Amino acid sequence: MNIRTLVLLGLIVAIGDAHAEQGCPDGQYPGGNPTGQLCIPLPGYGLNGDSKPADAAPDTSQAIEREYKAWAAIAHDPGKRSLGMAGQDNGISEKKEAEQAALEACRDNGGGTGCAILLSYRSECAAIAVGMGADGNAALFADKGRSEAQALATALARCAKSAQMCQKLNSNCVTGSFHFDGWR
């Protein structure tokens, strides 16, 4: 084996340990969803003053845990009969981001300046009911609850108060959450 081969093998071994965790810096791991990825610190990483994990975790009396629950939102433009939803699959970490994404989806689906938030919900279920309003146009009613059945029952009840022929349009639950273990 010649010296070039040895140097090349040495470089490959040295570089093999340096890799990114899906775009997150050392000591962090990816969390969240594809549209709003979070880089979450690894518990105990870097507590001993360098870039290596600490040998022992700090006193547990200093440990704190925070849970960031996932958001979803629904927007609607009644004039243009457009509906936009965001966060229904994995949830979005911030309410404002979920609402903005729902408004954009409403506009992308043909809505305009009339797009407004119909419902925002966090780590729970939502349902949309549609019925024929007194003016003969479709009317949407949304509500949330601990289960899809509860959300749908409430949305259908609200619909029945002001519309006819009410039926389920959509329902889902957002159960995602983002966990972070930090230290005081």
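The values are calculated or read from the model by the stated rules, or taken from the named source; none is laboratory data. Source: prediction; values computed, not measured. FYI the Cβ positions are ideal-geometry reconstructions off the backbone, even for glycines, and counts take in every protein chain you see.
State which residue pairs qualify: first residue closer than 20 Å to Ser171 by Cα and inside the stretch 98-120, second residue of a type in the set (Lys, Arg) and crowded, with 20+ Cβ neighbours inside 10 Å in any location, beta carbons under 8 Å apart, and separation of 6 or more residues or different chains.
These pairs meet every condition: Leu119/Lys144.
Give the residues of the stretch 82-113 that are among the polar types (S, T, N, Q), in a loop (DSSP other than H, G, I, E, B) and either farther than 9 Å from Trp71 by Cβ or not assigned by TED's automatic domain parsing to the domain that holds Phe141 (or both), sorted by residue number.
In the first step, residues of the stretch 82-113 are kept if they are among the polar types (S, T, N, Q); the result is 82, 88, 90, 93, 100, 109, 113.
Those left that are additionally in a loop (DSSP other than H, G, I, E, B): 88, 90, 93, 109, 113.
Selection gives Gln88, Asn90, Asn109, Thr113.
Does Arg107 satisfy being surrounded by fewer than 21 Cβ atoms within 10 Å (Cβ to Cβ) and touching a helix residue (DSSP H, G or I) at 6+ places or on another chain (Cβ under 8 Å)?
Values: surrounded by fewer than 21 Cβ atoms within 10 Å (Cβ to Cβ): yes; touching a helix residue (DSSP H, G or I) at 6+ places or on another chain (Cβ under 8 Å): no.
So Arg107 fails the test.
Does Ser93 count as touching a residue at least 12 places away in the same chain (Cβ under 8 Å), hydroxyl-bearing (Ser, Thr, Tyr) and in contact with a Phe, Trp or Tyr (Cβ under 6 Å, 6 or more places away or on another chain)? Please lay out each step first, then the result.
Details: touching a residue at least 12 places away in the same chain (Cβ under 8 Å): yes; hydroxyl-bearing (Ser, Thr, Tyr): yes; in contact with a Phe, Trp or Tyr (Cβ under 6 Å, 6 or more places away or on another chain): yes.
Spelling it out, Ser93 is indeed touching a residue at least 12 places away in the same chain (Cβ under 8 Å), hydroxyl-bearing (Ser, Thr, Tyr) and in contact with a Phe, Trp or Tyr (Cβ under 6 Å, 6 or more places away or on another chain).
Taking the stretch 156-173 on its own, how many of its residues are out of contact with any Phe, Trp or Tyr (no Cβ under 8 Å at 6 or more places or on another chain) and of a type in the set (D, E, K, R)?
Residues in the stretch 156-173 being out of contact with any Phe, Trp or Tyr (no Cβ under 8 Å at 6 or more places or on another chain) and of a type in the set (D, E, K, R): 2 in total.
What residue, of Ala98, Ala142, is touching a helix residue (DSSP H, G or I) at 6+ places or on another chain (Cβ under 9 Å) and surrounded by 20 or more Cβ atoms within 10 Å (Cβ to Cβ)?
So the residue among Ala98, Ala142 that is touching a helix residue (DSSP H, G or I) at 6+ places or on another chain (Cβ under 9 Å) and surrounded by 20 or more Cβ atoms within 10 Å (Cβ to Cβ) is Ala142.
Which count do you get for residues in the stretch 118-173 that are under 21 Å from Asp77 (Cβ atoms) and of a type in the set (A, V, I, L, M, F, W, C)?
The first filter runs over the stretch 118-173 and keeps only residues under 21 Å from Asp77 (Cβ atoms), leaving 118-121, 126-144, 155, 158-159, 162-163, 166-172.
Add one more test, that the residue is of a type in the set (A, V, I, L, M, F, W, C), and what stays is 118-119, 126-130, 132, 134, 138-142, 155, 159, 163, 166, 169.
Adding up the residues that qualify gives 19.
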